[in-house]
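Structure, as structure tokens:
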Amino acid sequence: MSSRSVEAPKIHVVDSGIGAHLLRLSRTKLERGDPSSLTEFGHLVESFVVQEIIRQTSWMNDVVTAGHWRTRDGDEVDLVLERQDGAVLAFAIKAGDHIDSRQLSGLRKLHARLGDAFISGIAFHLGSRGYPVEDRIHVLPVERLWV
């Protein structure tokens, strides 16, 4: 019998504080609305939230595999957690203070593809309001990670 090793997908994240320092990302640049600074800030927010979610999986009884999902059309889900039984939790992370319906297309497509295996999709944002969007898709403020 031959043994084959399968490598799990890698998720690349960086400490957001160190990343902001190395990028020389400042409040002034963000307040000025510099497009490249806003893009960098978005990447740091995504990295921070992904790290927090992965840290919180340590209390789960199930083994969880973490990954990222993207379609050929460019729709994506920033973090996909899959339990051993195939059940999936999916997360989109946005650096804005609200979520536009179009920003949920990745979660919707993954839900359609997985059917009942899709437990829930959550879109995190920097705003203050959380609400259900549709069947198994919700919008939550990032601060709800610690509630």
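Condition first: within 13 Å of the chain's Cα centre (by Cα), surrounded by fewer than 18 Cβ atoms within 10 Å (Cβ to Cβ) and not polar (S, T, N, Q). Now tell me which residues in segment 96-125 satisfy that.
None - no residue of segment 96-125 is within 13 Å of the chain's Cα centre (by Cα), surrounded by fewer than 18 Cβ atoms within 10 Å (Cβ to Cβ) and not polar (S, T, N, Q), so the list stays empty.
Can you name the number of the only condition in (1) over 25 Å from Asp15 (Cα atoms); (2) within 13 Å of the chain's Cα centre (by Cα); (3) without any contact (Cβ under 8 Å) to a residue 24 or more places away in the chain that Asp62 fails?
(2)
Looking only at segment 74-90, filter to residues that are over 14 Å from Ala123 (Cα atoms), assigned to a loop (DSSP other than H, G, I, E, B) and in contact (Cβ under 8 Å) with a residue 12 or more places away in the chain; which one of those is nearest to the chain's Cα centre (by Cα)?
The selected residue is Ala87.
Looking at the structure I just gave you, is Gly74 surrounded by fewer than 11 Cβ atoms within 10 Å (Cβ to Cβ) and modelled with pLDDT of 95 or more?
no
Where the second residue is surrounded by fewer than 12 Cβ atoms within 10 Å (Cβ to Cβ) and among the charged types (D, E, K, R) and the first is part of a strand (DSSP E or B) and lies in segment 119-135, which pairs have Cβ atoms under 7 Å and are six or more apart or on separate chains?
Cβ pairs passing all conditions: His125/Asp97.
When residues of segment 95-126 are filtered for being of a type in the set (Lys, Arg) and at pLDDT below 95, how many remain?
Selection size over segment 95-126: 1.
Any chance segment 56-65 includes a residue that's at pLDDT below 90, surrounded by 16 or more Cβ atoms within 10 Å (Cβ to Cβ), hydroxyl-bearing (Ser, Thr, Tyr) and assigned to a helix (DSSP H, G or I)?
no
The values are calculated or read from the model by the stated rules, or taken from the named source; none is laboratory data. As the structure is a computational prediction, the values presented were derived from the model and not from experiment. Here Cβ is always computed from backbone atoms with ideal geometry, including for glycine, and neighbour counts include all displayed protein chains.
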